[in-house]
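**Student:** One structure is given below, represented as structure tokens, and several questions about it will come after.
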Amino acid sequence: MTKDELKVILDNHRLWLKGINEVGVRADFRGSDLRGANLERAHLGEAYLSGAHLETSNLRGAYLRNADLYGADLRGADLRGANLGSADLRNANLSCACLENAYLIGANLRGANLEGANLRYATMREVAFEDVN
């Protein structure tokens with residue numbers, strides 16, 4: 001995906017979020033290869049990102065509230081200060097990701113790989129993890 005194609009999708013998503021449905025379209029990156037992409041401060045609330053390859057991507061300060069990140073590969077991604085409130089991160093690979101100062105209230109992290117992830121100062125109330133028997 002080129003930078004121009006990515007910009008068009010993000011612009012259309014922003015319009016969709018504002019309710020300008022005649023031109024706006026919900027971003028759909030399911031299964032997309034976005035490895036190493038610079039999505040710093042991107043507004044991706046409610047976007048479809050399930051199964052996306054976001055390894056080593058810059059998502060610093062990104063708005064991902066209610067985003068569908070089910071099974072996404074976020075290994076080594078920079079998510080410092082990102083808003084992941086109520087995001088679906090089930091089965092996501094967040095190993096070695098930087099989630100410092102990230103907002104994770106209400107996020108679903110069931111089955112997520114957090115090995116080596118930096119969660120320093122992350123806000124994590126009401127987060128769903130694996131059920132304990």
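The values are calculated or read from the model by the stated rules, or taken from the named source; none is laboratory data. Note that this is a predicted model, so its numbers are computed, not measured. Counting neighbours? That spans all protein chains shown, and the Cβs are built from the backbone with ideal geometry, glycine included. Just the protein is used for accessible areas: all its heavy atoms, side chains included, with ligands, DNA and RNA removed. Shrake-Rupley method; radii C 1.70, N 1.55, O 1.52, S 1.80 Å.
**Student:** Looking for whichever is under 14 Å from Ala102 (Cβ atoms) and of a type in the set (Gly, Ala, Ser) here; the options are Gly45, Gly51, Gly61, Gly31. Which one fits? Break it down stepwise before answering.
**Tutor:** Numbers: Gly45 fails: under 14 Å from Ala102 (Cβ atoms); Gly51 fails: under 14 Å from Ala102 (Cβ atoms); Gly31 fails: under 14 Å from Ala102 (Cβ atoms).
Going through Gly45, Gly51, Gly61, Gly31 in turn, the sole match is Gly61.
**Student:** In addition: For region 119-133, enumerate the residues that are at pLDDT below 95, in a loop (DSSP other than H, G, I, E, B) and open to solvent by less than 100 Å² (accessible area, probe 1.4 Å).
**Tutor:** Met124, Val127, Phe129
**Student:** Now, a different point. State which residue pairs qualify: first residue touching a residue at least 40 places away in the same chain (Cβ under 8 Å) and closer than 18 Å to Ser50 by Cα and inside region 19-38, second residue open to solvent by 70 Å² or more (accessible area, probe 1.4 Å) and in a loop (DSSP other than H, G, I, E, B) in any location, beta carbons under 6 Å apart, and separation of 6 or more residues or different chains.
**Tutor:** Close Cβ pairs satisfying both conditions: none exist.
**Student:** Of all residues in region 21-31, which are within 15 Å of Leu64 (Cβ to Cβ) and part of a loop (DSSP other than H, G, I, E, B)? Quick ask: steps written out before the conclusion?
**Tutor:** In the first step, residues of region 21-31 are kept if they are within 15 Å of Leu64 (Cβ to Cβ); the result is 26-30.
Correct list: Arg26, Ala27, Phe29, Arg30.
**Student:** Turning to a different aspect of this structure: Say whether the condition of being at pLDDT below 95 and part of a loop (DSSP other than H, G, I, E, B) is met by at least one residue in region 67-76.
**Tutor:** If we filter region 67-76 for residues that are at pLDDT below 95, which is where we start, we get none.
No, that holds for no residue.
**Student:** Report yes if some residue within region 19-27 is at negative phi and modelled with pLDDT of 95 or more; otherwise report no. Reasoning before the result, please.
**Tutor:** Taking region 19-27 and keeping what is at negative phi, we get 20-27.
From what's left, modelled with pLDDT of 95 or more: 27.
So far as region 19-27 goes, yes, one or more of its residues are at negative phi and modelled with pLDDT of 95 or more.
**Student:** To continue, here is another question. Criterion first (surrounded by fewer than 22 Cβ atoms within 10 Å (Cβ to Cβ) and either in contact with a Leu (Cβ under 8 Å, 6 or more places away or on another chain) or touching a residue at least 40 places away in the same chain (Cβ under 8 Å) (or both)) does Leu114 satisfy it? Working first, answer last.
**Tutor:** Working: surrounded by fewer than 22 Cβ atoms within 10 Å (Cβ to Cβ): yes; either in contact with a Leu (Cβ under 8 Å, 6 or more places away or on another chain) or touching a residue at least 40 places away in the same chain (Cβ under 8 Å) (or both): yes.
Against the criterion (surrounded by fewer than 22 Cβ atoms within 10 Å (Cβ to Cβ) and either in contact with a Leu (Cβ under 8 Å, 6 or more places away or on another chain) or touching a residue at least 40 places away in the same chain (Cβ under 8 Å) (or both)), Leu114 qualifies.
**Student:** Restricting to region 49-71, name every residue that is over 8 Å from the mean Cα position of the chain (by Cα) and either open to solvent by less than 10 Å² (accessible area, probe 1.4 Å) or acidic (Asp, Glu) (or both).
**Tutor:** Result: Ala52, Leu54, Glu55, Ser57.
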